[in-house]
Amino acid sequence: MGIPSGEFVKGTPIPQNKGSEVELLRTADGFTYIHANEGRGGSEAQKVACNNITRSGGKGNANINCELPGGKQIRFEWLDLDKVKYEYWFSMKDKAGQTQNKPGQASVTLVKKEPVRTGKVIPPGVYTVDFDAELKWAPVTYLLEANGKFFERGDKLRQGTWQEIDGDFCHIDSEVHCYKLLPRAAGDKAFKLQYKSANGSNSYGATWTPN
């Protein structure tokens, strides 16, 4: 993760604060790009899957090229196991040159950091999870391990990792799904979480009850 210099919006320098931080997060299918989205981190951050790992011209460092909503372009290039070069362009026209990519309009070297798995949102343990009634989803059972792994018990085995991002609880398998912790009544042992997709198209509640 890191904070780029340059512009996300033409004519507007990127503020050098956590709200401008970008991150490349490992998933089961590849990677997810996360942008804190003007200070709205966690469940409201922009998240885009980037799974097509290649090598430029079949040689050189491994890299990923991704397109963001609106045609914006991003590229990641592995410099070594702990550092990844990040570049951003306003469009493919701004990116593509006749012989090589034009300089990025925003860039930074991302440095590998260990994920935060503190258990402040939901402690490790076994939970029954119930969803909003209108979804008509069957309850599921999750096992959260202290080492950052999670497992779903039932007919469909789902597994991955979990961590806390900006005070939200996040499941990470093929995608990254983050949930906000809602206020609890005094003495209530269950945890009430709210999921909201980054573009606002999907939102639902889930109640996690310890077993």
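Computed quantities for the displayed model
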| item | result |
| --- | --- |
| Assigned charges on the beta-carbon of Lys, Arg, Asp, Glu; the stretch 1-62 dipole about Cα centre (debye) | 220 debye |
| Between the stretch 10-26 and the stretch 76-145, the alpha-carbon center distance in angstrom | 14 Å |
| Lysine pair number, Cα distance threshold 16 Å (strictly under), the stretch 93-211, separation 8 or more or different chains | 7 |
| Where the stretch 116-157 is the region considered: accessible area per residue in Å², 1.4 Å probe | 65 Å² |
| Dmax and Rg, reported as Rg then Dmax, of the stretch 129-211 (C-alpha, Å) | 12.9, 36 |
| Cα gyration tensor shape of the stretch 1-124, rounded if a/c is under 1.5, else prolate or oblate by comparing a/b with b/c | oblate |
| Long-range HN-HN contacts of residue 108 with modeled amide H, under 5 Å | 86 |
| Label point 7 Å beyond Cα of residue 54 along Cβ direction - residues of the stretch 71-101 with amide nitrogen under 14 Å | 74-77, 96-97, 100-101 |
| Three-way shape call for the stretch 86-138 based on the alpha-carbon gyration tensor, with the a/c threshold at 1.5 | oblate |
| Cα gyration tensor category, rounded, prolate or oblate, for the stretch 64-211 with a/c compared to 1.5 | prolate |
| Carbon and sulfur %, accessible surface of the stretch 12-120 computed with the full protein complex present, 1.4 Å | 48 percent |
| Per-pair calculated FRET efficiency, R0 = 22 Å: residue 29 and residue 67 via Cβ, rounded to 0.05 | 0.85 |
| Spin-label pair residue 7/residue 196, simplified geometry with 7 Å Cα→Cβ offset, distance in nm | 3.0 nm |
| Relative contact order (percent, whole number), the chain, Cα cutoff 8 Å, 6+ residue spacing | 17 percent |
| In Å², nearest 10: area of residue 99 left accessible to a 1.4 Å probe | 130 Å² |
| Residue-wise HN-Hα coupling along the stretch 77-84, computed from phi with Karplus coefficients 6.51, -1.76, 1.60 (Hz; x: Gly, Pro) | 10, 6, 7, 7, 5, 10, 9, 10 |
| For the stretch 8-101: relative contact order, % (alpha-carbon pairs under 8 angstrom, 6 or more apart) | 15 percent |
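The values are calculated or read from the model by the stated rules, or taken from the named source; none is laboratory data. Treat the numbers as computed from the prediction; the structure is a model and nothing was measured. Cβ atoms come from the backbone with ideal geometry, glycine included; neighbour counts cover every protein chain shown. Heads up: the accessible areas ignore ligands, DNA and RNA and are worked out on the full protein's heavy atoms, side chains in. Shrake-Rupley method; radii C 1.70, N 1.55, O 1.52, S 1.80 Å.
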